[in-house]
Amino acid sequence: MASSNKARAGSIEQLLAAKEIVVCCGSGGVGKTTTAAALGAMAATRHGGRVLVLTVDPARRLANALGLEGFGNVETRVPESAFAEANVKPRGELWAAMLDTKQSWDNLVRRHAPDRETASLILANPLYQNISGKFVQSHDYIAMERLYEIHAEGAYDLIIVDTPPTRNALDFLEAPARMADFFSSRFLRLITAPARSRFVNLATKPFYQVADRILGTQFLQDISEFFILFQTMYDGFVDRAEAVARLLHDKRTTFIVVSTLESAPLHEADFFIDALSDKRYHLGAVVLNKVLPSYLLDEQAARVAEELCRQSDNLAKKLGKEAGSAAQVSRVLTEIGESFLRFQVVAQRETEQRSELAVTPDVVASVPYFETDIYDIAGLLRLGEKIWS
């Protein structure tokens, strides 16, 4: 059951101070990975403690911004030199990890198998070796396993999770339950029956006749034996799925939806906000990236732009021939004024969109366009400052 906060957080800073897990969600290309890293850098700098940024999205661009040559399944600490280059001394430590699906599955098998012999048989199975990184729900499921495992170890004060793009992130949330359902499904009972018993009843015989023709008897036997071995871990899957669900609904966990105010990403954000509400997860914040600057809403500036359009001919004459022909200067001044007014219309629409979103989450943070790409800790902290308070 989702918990409800008695007091709503007034800023991202207050929100993160009260949480242990922050799940960042959003469609592709909205700055979700960078936002997750920026939040981690700010939390390590301002709050202290040990902060981990765990990226589930396979993009590796996070490493460069964190001053790392690379990182994988094992958590790697961001070096103090990366902060020193930004003239910052953090109060805490910033760590990063990126999900290695194959390695995580191997670790899961060793943990959940009933004994070492069964674990060895599963790990040596050719089918497992071929599909452990591509198995149904494997990436999403193992991400939840890894998050649960890291949190249970208690080594970090805050874990910030960078998820796959929005609709995949729903799979990320639902994967544990889906995996448990799969291992108890009728399909799996059908496909493993030949290896369990020589008796095949009349209802299932047509299934095996077709399967033998399409897949081959040996493949059917191999896959049956593989899933029988895997079913020995069923209780572990179910128990962990329930534990993960409790963790995601715990008051220590919150979700942050990252978006821009462009039509498609905003539609995705609305979709995910509704899904979080339906599933009773805590939506702590919405972070809106690439928002137009607030000066575009200034009424006096708008009047200046209108006057610029009206007086462009007179102003062009006053500037003299040094600036170019009067006609050319007039066209440029008119274009500047009209561009400002067009951007003002967009900025007003963004303001209305932000107001609508503000009804749902505790915090709505707006981040302006940045003139340069973010490629280091200094850039992450600049972004973090805009989000933080």
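Tabulated data
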quantity: Answer from Thr33, Thr45 - the residue that is among the polar types (S, T, N, Q), assigned by TED's automatic domain parsing to the domain that holds Asp376 and over 26 Å from Ile273 (Cα atoms); calculated: Thr45
quantity: Subset of the stretch 20-68 (residues that are touching a Lys or Arg at 6+ places or on another chain (Cβ under 7 Å), surrounded by fewer than 24 Cβ atoms within 10 Å (Cβ to Cβ) and not in a helix (DSSP H, G or I)); calculated: Glu20, Ile21, Gly48
quantity: Residue within the stretch 237-246 that is more than 21 Å from Val364 (Cβ to Cβ), at pLDDT 90 or above, of a type outside the set (Asp, Glu) and surrounded by fewer than 19 Cβ atoms within 10 Å (Cβ to Cβ) present; calculated: yes
quantity: Residue that is surrounded by fewer than 19 Cβ atoms within 10 Å (Cβ to Cβ), in the same structural domain as Phe271 (by TED's automatic domain parsing) and not aliphatic (A, V, I, L, M), where the choices are Arg342, Arg354, Arg382; calculated: Arg382
quantity: Pair list, Cβ under 7 Å, 6 or more apart: the stretch 35-56 residue on the phi > 0 side of the Ramachandran plot, other residue among the aromatic types (Phe, Trp, Tyr); calculated: none
quantity: Test: residue in the stretch 88-103 that is more than 19 Å from the chain's Cα centre (by Cα), of a type outside the set (A, V, I, L, M) and either closer than 30 Å to Asp235 by Cα or at pLDDT below 80 (or both); calculated: yes
quantity: Odd one out for Val56, checked against (1) over 21 Å from Leu248 (Cα atoms); (2) under 11 Å from the mean Cα position of the chain (by Cα); (3) not hydroxyl-bearing (Ser, Thr, Tyr); calculated: (1)
quantity: Helices (runs of 4 or more DSSP H) completely within the stretch 296-389 that count 3 or more residues being under 30 Å from Glu69 (Cβ atoms) and touching a Gly at 6+ places or on another chain (Cβ under 9 Å); calculated: 377-388
quantity: Answer residue from the stretch 86-128, given it is in contact with a helix residue (DSSP H, G or I) (Cβ under 7 Å, 6 or more places away or on another chain) and among the acidic types (Asp, Glu) and is farthest from Asp140 (Cα to Cα) among those; calculated: Glu93
quantity: Verdict on Leu94 being assigned by TED's automatic domain parsing to the domain that holds Ala269, part of a loop (DSSP other than H, G, I, E, B) and of a type in the set (A, V, I, L, M, F, W, C); calculated: no
quantity: Residues of the stretch 357-377 that turn out to be exposed (fewer than 12 other Cβ atoms within 10 Å of the Cβ) and over 30 Å from Asn87 (Cα atoms), as a count; calculated: 1
quantity: Candidates Phe83, Phe71, filtered to the one that is among the aromatic types (Phe, Trp, Tyr) and in a loop (DSSP other than H, G, I, E, B); calculated: Phe71
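The values are calculated or read from the model by the stated rules, or taken from the named source; none is laboratory data. Values in this document were obtained by computation on a predicted structure and should not be read as measured data. Counting neighbours? That spans all protein chains shown, and the Cβs are built from the backbone with ideal geometry, glycine included.
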